[in-house]
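The values are calculated or read from the model by the stated rules, or taken from the named source; none is laboratory data. Quick caveat: nothing in here was measured; it's all calculated off a predicted structure. All Cβ positions, even for glycine, are placed from backbone atoms using ideal geometry, and neighbour counts span all protein chains on display. When the accessible area is computed, the model is the full protein with side chains, heavy atoms only, and any ligands, DNA or RNA have been set aside. Shrake-Rupley method; radii C 1.70, N 1.55, O 1.52, S 1.80 Å.
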Amino acid sequence: MATTTIAKILSWFFLLNIVLQLATTSFAFQSDELLVDDDEFGLEGGRLPDPPPETRPVTSARRRSAESGSDLDSKIQFQLEHAFGDSDFSPAGTFTARLKTWPNGGQTLTKLRFSRNALSQTDKENFKRLIEGDDFYQIRLPSNLLNQPGREHVISSVKARCLSQRDALDEHFVINMDGVNVLGVNYGAPGSCQYPRVSRPPTKWSFNSHTLLKYSNEVLRTPVFTEAVLGENGEGEELKPPERSFWAKYWMYLIPLGLIVMNAMTQAMNMPEEQGAGQPGSQGPQAISGRGQAPAVRRRN
Amino acid sequence: MNMAIRVYLLLFLALSYSYTAFSLYEDQVGLMDWHQQYIGKVKHAVFHTQKAARKRVVVSTEENVVSSLDLRHGEIFWRHVLAPSDVIDQIDIALGKYVITLSSGGSILRAWNLPDGQMVWESTLPGPKASKPLLLVPTNLKIGRENVMFVYGNGFIHAISSIDGEVIWKKELASEGINIQQLIYTDGSDTISAVGFVGTHRFGTYILHAKSGELLKYKSMEFASGFSGDLSLVTDDTAVAIDSVGTSLVTIQFHDGLISFHQTRLSHLIQNFRRAAVISPSNIPGVFILGTDNSVTLIKVLSRGELKVVEELGHATAVSDALFLPGGQQAFALVQHRDGKILLTVKLDSDDGTSNLLEETIHLDNQRGKVQKVFVNTYVRVDRSNGFRVLIVMEDDSLFLLQQGEIVWSREDGLASIVDVKPAELPVEKDGVSVAKVENNLFELLKGHLLKLKGTLMIATPDDVTAIQKMRLQSSGKSKMTRDRNGFRKLLIVLTRAGKLFALHTGDGRIVWSRLLKTLRKSETCQSPRGISLHQWQDPHHHALDQNPSVLIVGRCGDSLDSAGVLSIVDAYTGEERNHMEHVHSIAHIIPLSFTDSMEQRLHLLLDANRRAHLYPRTAEALDIFQRELGNIYWYSAETDEGILRGHSVQKNCVLEEADNFCFDSRDLWSIVFPSESEKIAATAIRSLNEVVHTQAKVTADQEVMYKYVSKNLLFLATVAPKAVGPIGSVTPDESSLIVYLIDTVTGRILLRVTHHGSVGPVHAVFSENWVVYHYFNLRAHRYEMSVIEIYDQARAENKDVLKLVLGTHNLTSPITAYSRPEVSTKSQSYFFAHSLKTMAVTLTAKGITSKQVLLGTIGDQVLALDKRFLDPRRTVNPTQAEKEEGIIPLTDSLPIIPQSYVTHALKVEGLRGIVTVPAKLESTTLVFAYGTDLFFTRLAPSRTYDSLTEDFSYALLLITIGALVVAIFVTWIWSEKKELQEKWR
């Protein structure tokens, strides 16, 4: 008991200290949460969320803020609300995150953590009803985190059966952000949702939550150097084809040529024999050639 | 022998040459394409018939065309299409040789040379505030040596030289807050007056010196009852207007700056007068036209400002402007409808009443609607009397020239304003028909082939060449009214802005039938009807084959989304209206569902402004099918102004006062809220619903398989910074960015979000298979760019193993549900592109095997076909040998524009607004229809016609070759036999 009080006092002091040091634009926000263990992406009841895919150099910015001694971060909290089918939205959990202000004025969320409220008995009943009717479980988030709820809430729905595919309920949030604006939230089962969906109420009424923050990427253009370079390349490529072997290129001419040569050779070998046999030289070879060689010769005329 | 071989070789070469045609040859133009030129609904017409050898009429139209038409045949001599923002206000002819157009609200004045349409000069007349544009061209007023004309626009009156468009003087008339309505110049005087209203209760008149612009007099006078509507000029010093309550007519006389009013109650003039009378704009000295909701009345203004009814005419009457006859008399034309015919009357107007000069009845087909406008012109007959010719504009925007009680020519200019296009199949050919035809033409056929052979062997005389050309144009029965094996012959059902439906034959572009839709005509209940879209209602393919296909036409009464909708269903073969529904719920969006009933009628879901969904057709069967699929129907709506994208699904029947089984409530499933300060929706694109994808896998050069992410539910959406919505150049690159999204429309999942910094719209995008191509402007590079995104499915990427496929451990056959988290990867690449675009489309083929081409409607009103291969994200600077074999082109900075790849070759589709592609039955071929003010149709084969011989393939040559070969075989065989025998005998 005493230790917790001390810890609490310490933490309050710590917080105060930080707040004083920061001299940031203040947020009317109170948190009852410890900041000391804030270095890691902690998440209750779930695995660690993937770090937000950012193109900005996170480490260097952190170092810079450490060096200057003033951290431009502040904490931010927003509520998740849910609805069963057509019912009204009611609070379902709280997201906590740190708002990082970059030197260029941009703001991003980091260290998102989520704690879900326990489901009440009526909620459980409602949820069972959704599973039976294969109806939608809906959630919503504010569309602007600094000025909650912003213009409107962002809504997402999923068939309740998709969440309850195992013993407990599995959920996965992908929050698409643009600065402090929530563009949309993709909500659903972490993996696949088998089809046809089966009606299976959960045995354990707790949520395994996974969260992921997503910022947009920039389009990177593959730099192409001047056309001249390309033109040279093009020429170079045109010169390459002769690398194919001589045989590969001219086989269709070589084979008939070889046949002709062979034919001619046999003929040449036959000729002396026949001449030696004392036949009149003018007739014999012609008779032979009339069968074997003449078509080839004719073709070549 | 030697000779024979040479002949073979020659033949062979000739044959192989005929295959390698890639783009069009000059003599192939018009073989499979057609081009039609239109001008649109005529607003103003000026005849030019004096002394000129070629009689012509100059018109300006609502499509912003200024054109000169041949009065004998209705052909276009010349034509200019102005930009959509540059609306033509007035036209006239100056000096007898220049056509003067005033456009852009009186800001731009142009002169065009009358014979050839060359622009002679152009003047811009800027001013501080918008006002009614007026153009006055006096016939012979000279300042110094120059003929002048007067233009009032943007608060200034300008005197402008007719010769070169120089401003001689200008004077601001808007200073008193006067709203100038008319400019008056009396021939021979040296003053010009401008009259108008100051506020609503005061009439004012300026008198200026015509030669110097000096203000001589300004008088104004208060009228207690006030004015409403426009001022109509009756004579040079008399005008009429309606008072503010709309119950009496005010005659205003302002001779020499002395203003007097004279009020006449409308109920005294017209019996059973109800409310809402309007003075129709007309230009007949001494007479004006008063239109009420059930009649048109001609009223004469007498000397003291008293009014006298000349004639009361039926509701649908059009009256022309006055025409001055040589004898100093004036005449005007009236066109009335009388039992299905139109009655043309030319009246002579004199001080003691009117008399009929001419009365003719002309029969027009009943699909033309009411007469909208009449323009009259006179000519001298053989017997030296006055003859009249009349140009009339009908409700369906068509144009007719009438003379001597006959239609001299007509133009279907409604086709210049196409709203939507849908293809329809032609009827199947009956047995026996084709055979008989071939037998009859056997001799012709042989003769034709002989001619073609001559052409191929280049021994044809010029006469033969023309004969071949003519034969080609007529041949192949391309304009037959039956289906062909290749699916080239189709009907294009076209809806025009006037509410008329046309069926065009794809063979030659002729109109097969046309129908002016009753539901889209102005009526008591529907004041300004407007056609929205066309949908395939019934397209029998498998059963119900005795039924003709039909199309659904959706329209609404009025411009706002919540105005009542109208629906009609029209038979695609005959053009008959099968069914129509007027005054139904409002129509915000139409979703054709993928289900058809037993009659093959497609189910449609019509969403109203209150987000209710209405099911059509309203039959129990359709309802039954729909109820079964209720849980699988999702749609999205993009609220562009709000910057919110929402997903919806059907919930249950509506709760209405009267039960309606076909009405369903919708519920919001998801929403995406775009930050209003940094993003504004600029463009969206989805895949064509009837697109066929042949293969899901793509095998790359290194024997890897990539699975395409093919989903019908993907939406491409682009947003730009709100500041950058204006024209290019209004923002700096740092302020603007273009953000591109790929969104699953069932779950609202954002699959991709990428930013193009320093880029602005306008964004044009096209989505096909697993790729998107979009076009935008890059401010940093000062160039247009085109980007491509290809989406691949990673979840299936492991299915490469043949063993896996054999053992069945792959997941290729497992059902796909949108609720599973997709694992997709994207590849993208950007290229510079030289053109700015008006529209974009992609080729569609029957089976999706043929490679794709992106069709770009360029700013020059041409259609450019760009191979998708150029827009491949896998292009690298130095592709490997394997990649090159696969067909990957080395990466270049910009996309090439190959002149031969212009689909429209030398033609222009003026005012291009849309491109529609329709797959033919032949896989290699796609039909392309581009529309705007002009129409253009052609066939495209993106990978060449690999599955058929070209039309000009010479079968005779092939037969002769085979014959010659057979003969040669016999000859050589006999020859060798003989020789052998001889040798054996030796």
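So that you can scan it fast, the table gives a plain yes or no per residue for (1) away from every other protein chain (no Cβ under 14 Å); (2) outside any loop (DSSP other than H, G, I, E, B); (3) touching a Cys at 6+ places or on another chain (Cβ under 6 Å):
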{"position": "B:PHE937", "(1), (2), (3)": "yes, yes, no"}
{"position": "B:LEU949", "(1), (2), (3)": "yes, no, no"}
{"position": "B:LEU958", "(1), (2), (3)": "yes, yes, no"}
{"position": "B:ALA964", "(1), (2), (3)": "yes, yes, no"}
{"position": "B:GLU977", "(1), (2), (3)": "no, yes, no"}
{"position": "B:GLN982", "(1), (2), (3)": "no, yes, no"}
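Kindly evaluate B:ALA682 against the criterion of being in a strand (DSSP E or B) and either within 33 Å of the chain's Cα centre (by Cα) or away from chain A (no Cβ under 14 Å) (or both).
yes
Can you work out which of the residues in the stretch A:162-174 that are touching a Leu at 6+ places or on another chain (Cβ under 9 Å) and within 10 Å of chain B (Cβ to nearest Cβ) is farthest from A:ASP135 (Cα to Cα)?
Per the stated criteria, the residue is A:VAL174.
Got a sec? Which of B:PHE197, B:PHE156, B:PHE150 is of a type in the set (Phe, Trp, Tyr), open to solvent by 30 Å² or more (accessible area, probe 1.4 Å) and modelled with pLDDT of 85 or more?
B:PHE156
Quick check on my filter: what residues within the stretch A:146-160 are more than 10 Å from every other protein chain (Cβ to nearest Cβ) and crowded, with 23+ Cβ neighbours inside 10 Å?
Residue satisfying the conditions is A:ALA160 alone.
What's the total number of residues in the stretch B:640-664 that are under 22 Å from B:ALA818 (Cβ atoms) and at the interface with chain A (Cβ under 10 Å from one of its Cβ atoms)?
7
Condition first: facing chain A (nearest Cβ under 10 Å) and crowded, with 22+ Cβ neighbours inside 10 Å. Now tell me which residues in the stretch B:752-769 satisfy that.
Scanning the stretch B:752-769 gives B:HIS756, B:SER759.
So B:VAL234 ticks every box in (1) at pLDDT 80 or above; (2) out of contact with any Asp or Glu (no Cβ under 7 Å at 6 or more places or on another chain); (3) buried (at least 17 other Cβ atoms within 10 Å of the Cβ); (4) farther than 22 Å from B:THR191 by Cβ but one. Which box is left unticked?
All conditions pass for B:VAL234, except number (4).
Having 1 or more residues that are open to solvent by less than 40 Å² (accessible area, probe 1.4 Å) and farther than 19 Å from B:TYR185 by Cβ is the bar; report the strands (runs of 3 or more DSSP E) wholly within the stretch B:98-144 that clear it.
B:98-103, B:108-113, B:119-124
Just checking, does the stretch A:266-288 include any residue being at the interface with another protein chain (Cβ under 10 Å from one of its Cβ atoms), modelled with pLDDT under 85 and in a helix (DSSP H, G or I)?
Among the residues of the stretch A:266-288, at least one is at the interface with another protein chain (Cβ under 10 Å from one of its Cβ atoms), modelled with pLDDT under 85 and in a helix (DSSP H, G or I), which makes the answer yes.
Out of B:PRO919, B:PRO942, B:PRO896, which single residue is within 14 Å of chain A (Cβ to nearest Cβ) and of a type outside the set (Val, Ile, Thr)?
B:PRO896
For B:ILE898, work out the one condition from (1) of a type in the set (Val, Ile, Thr); (2) touching a residue at least 12 places away in the same chain (Cβ under 8 Å); (3) closer than 30 Å to B:LEU492 by Cα it doesn't fulfil.
It is condition (2) that B:ILE898 fails.
Of the residues that make up the stretch A:89-105, is at least one within 11 Å of chain B (Cβ to nearest Cβ) and at pLDDT 85 or above?
No; the residues of the stretch A:89-105 include none that is within 11 Å of chain B (Cβ to nearest Cβ) and at pLDDT 85 or above.
Among the residues of the stretch B:602-638, which ones are open to solvent by less than 40 Å² (accessible area, probe 1.4 Å) and among the polar types (S, T, N, Q)?
B:SER637
Select from the stretch B:387-421 the residues that are part of a strand (DSSP E or B), open to solvent by 40 Å² or more (accessible area, probe 1.4 Å), out of contact with any Phe, Trp or Tyr (no Cβ under 8 Å at 6 or more places or on another chain) and not hydrophobic (A, V, I, L, M, F, W, C) and list them in ascending order.
B:GLU406 - this is the single residue of the stretch B:387-421 that is part of a strand (DSSP E or B), open to solvent by 40 Å² or more (accessible area, probe 1.4 Å), out of contact with any Phe, Trp or Tyr (no Cβ under 8 Å at 6 or more places or on another chain) and not hydrophobic (A, V, I, L, M, F, W, C).
Counting only residues that are part of a strand (DSSP E or B) and more than 37 Å from the chain's Cα centre (by Cα), which one in the stretch B:360-386 is surrounded by the fewest Cβ atoms within 10 Å (Cβ to Cβ)?
Top of the filtered list is B:VAL380.
Here are B:GLU146, B:GLU166, B:GLU122: which of them is of a type in the set (D, E, K, R) and free of Cβ contacts under 8 Å to residues at least 40 places away in the same chain?
That would be B:GLU146, the only listed residue that is of a type in the set (D, E, K, R) and free of Cβ contacts under 8 Å to residues at least 40 places away in the same chain.
Just a yes or no: is a residue in the stretch B:907-923 among the hydrophobic types (A, V, I, L, M, F, W, C), more than 29 Å from B:ARG411 (Cα to Cα), open to solvent by 30 Å² or more (accessible area, probe 1.4 Å) and modelled with pLDDT of 90 or more?
no
Looking at (1) touching an Asp or Glu at 6+ places or on another chain (Cβ under 7 Å); (2) free of Cβ contacts under 8 Å to residues at least 24 places away in the same chain, which is the only condition B:GLY106 fails?
(2)
Of the numbered conditions (1) more than 7 Å from chain B (Cβ to nearest Cβ); (2) of a type outside the set (Ser, Thr, Tyr); (3) closer than 20 Å to A:LYS111 by Cα, A:PRO202 fails exactly one; give the number of that condition.
Going through (1) more than 7 Å from chain B (Cβ to nearest Cβ); (2) of a type outside the set (Ser, Thr, Tyr); (3) closer than 20 Å to A:LYS111 by Cα one by one, A:PRO202 breaks only (3).
Taking the condition modelled with pLDDT of 90 or more and not aliphatic (A, V, I, L, M), does B:GLY631 pass?
no
Determine if the stretch B:162-176 includes at least one residue that is open to solvent by 10 Å² or more (accessible area, probe 1.4 Å), touching a Leu at 6+ places or on another chain (Cβ under 7 Å) and not in a strand (DSSP E or B).
No, because not a single residue in the stretch B:162-176 is open to solvent by 10 Å² or more (accessible area, probe 1.4 Å), touching a Leu at 6+ places or on another chain (Cβ under 7 Å) and not in a strand (DSSP E or B).
Across the stretch B:665-679, which residue is nearest to the other protein chains (Cβ to nearest Cβ) among those that are closer than 20 Å to B:SER586 by Cα and acidic (Asp, Glu)?
Residue satisfying both the conditions and the ranking: B:ASP668.
Do you know which of the residues in the stretch B:630-679 that are small (Gly, Ala, Ser) and part of a loop (DSSP other than H, G, I, E, B) is nearest to the chain's Cα centre (by Cα)?
Out of the qualifying residues, it is B:GLY643.
I need the full set of residues from the stretch A:106-145 which are away from chain B (no Cβ under 14 Å), in contact with a strand residue (DSSP E or B) (Cβ under 6 Å, 6 or more places away or on another chain) and of a type in the set (A, V, I, L, M, F, W, C), in order please.
A:LEU109, A:LEU112, A:PHE114
Take the residues of the stretch B:16-57 that are under 21 Å from B:PHE929 (Cα atoms) and β-branched (Val, Ile, Thr): which is modelled with the highest pLDDT?
B:ILE39
Looking at B:GLN853, B:GLN900, B:GLN881, B:GLN862, which is the one that is among the polar types (S, T, N, Q) and either open to solvent by less than 30 Å² (accessible area, probe 1.4 Å) or in contact with a Gly (Cβ under 9 Å, 6 or more places away or on another chain) (or both)?
Just a single option satisfies the conditions, and that option is B:GLN853.
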